[in-house]
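Take a look at the structure below.
What follows is calculated from the coordinates using simple rules that are stated; it is not laboratory data. Given the structure is predicted, the values throughout are model-derived calculations rather than measurements. Here the Cβ is made from the backbone with ideal geometry for all residues, glycine too, and neighbour counts use every protein chain on show.
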Amino acid sequence: MSLIITDDCINCDVCEPECPNAAISQGEEIYVIDPNLCTQCVGHYDEPQCQQVCPVDCIPLDEAHLETEEQLMEKYRKITGKA
Ligand code: SF4
Ligand code: SF4
């Protein structure tokens with residue numbers, strides 16, 4: 001599953017440069033995560049990097065986008081072109 005940014009976001013821009021998949025961007029009001037690009041950092045890091053840096057802890061898992069570890073790896077391969 002991907003992560004989602006809640007409306008507690010204070011638009012600090014700290015998470016955006018940390019995402020290895022460029023899944024985070026500034027939305028109309030708050031920052032947003034593209035579920036097609038977020039792998040929960042699988043393939044890159046052990047922990048979701050955006051969660052690590054968010055000062056207000058507003059990036060939970062998105063229950064609407066459930067994916068297995070293998071599906072996340074597959075997404076990682078598709079995004080990066082790595083086998
Ligand atoms: S969990 Fe990782 S891939 Fe997903 S948005 Fe956060 S930094 Fe990007
Ligand atoms: S780090 Fe947290 S508060 Fe800052 S822009 Fe990202 S989601 Fe919003």
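In segment 28-48, how many residues are within 8 Å of the chain's Cα centre (by Cα) and either farther than 13 Å from residue 75 by Cβ or not in a loop (DSSP other than H, G, I, E, B) (or both)? Don't jump to the end; show me each part of the working.
Just the residues of segment 28-48 that are within 8 Å of the chain's Cα centre (by Cα), to begin with: 33-35, 37-41, 48.
Next, from what is left, pick out any that are either farther than 13 Å from residue 75 by Cβ or not in a loop (DSSP other than H, G, I, E, B) (or both): 33, 48.
Residues flagged as within 8 Å of the chain's Cα centre (by Cα) and either farther than 13 Å from residue 75 by Cβ or not in a loop (DSSP other than H, G, I, E, B) (or both) within segment 28-48 amount to 2.
Restricting to segment 54-75, give me the number of residues that are over 12 Å from the mean Cα position of the chain (by Cα) and in a helix (DSSP H, G or I).
6
Considering only segment 54-73, I want to know if a residue exists there that is free of Cβ contacts under 8 Å to residues at least 60 places away in the same chain, within 11 Å of ligand 2 (Cβ to nearest atom) and among the acidic types (Asp, Glu).
Yes, because at least one residue in segment 54-73 is free of Cβ contacts under 8 Å to residues at least 60 places away in the same chain, within 11 Å of ligand 2 (Cβ to nearest atom) and among the acidic types (Asp, Glu).
Considering only residues of segment 18-27 that are within 11 Å of ligand 1 (Cβ to nearest atom) and part of a loop (DSSP other than H, G, I, E, B), which is nearest to residue 51 (Cα to Cα)? Step through it out loud before you land on a result.
Taking segment 18-27 first, the residues within 11 Å of ligand 1 (Cβ to nearest atom) are 18-25.
With the extra rule that they be part of a loop (DSSP other than H, G, I, E, B), the set shrinks to 19-23.
Numbers: 19: 10, 20: 13, 21: 14, 22: 15, 23: 13 Å.
Once the filter is applied, the top-ranked residue is 19.
Would you be able to tell me the number of residues in segment 1-17 that are within 6 Å of ligand 1 (Cβ to nearest atom) and either basic (Lys, Arg) or in a helix (DSSP H, G or I) (or both)?
0
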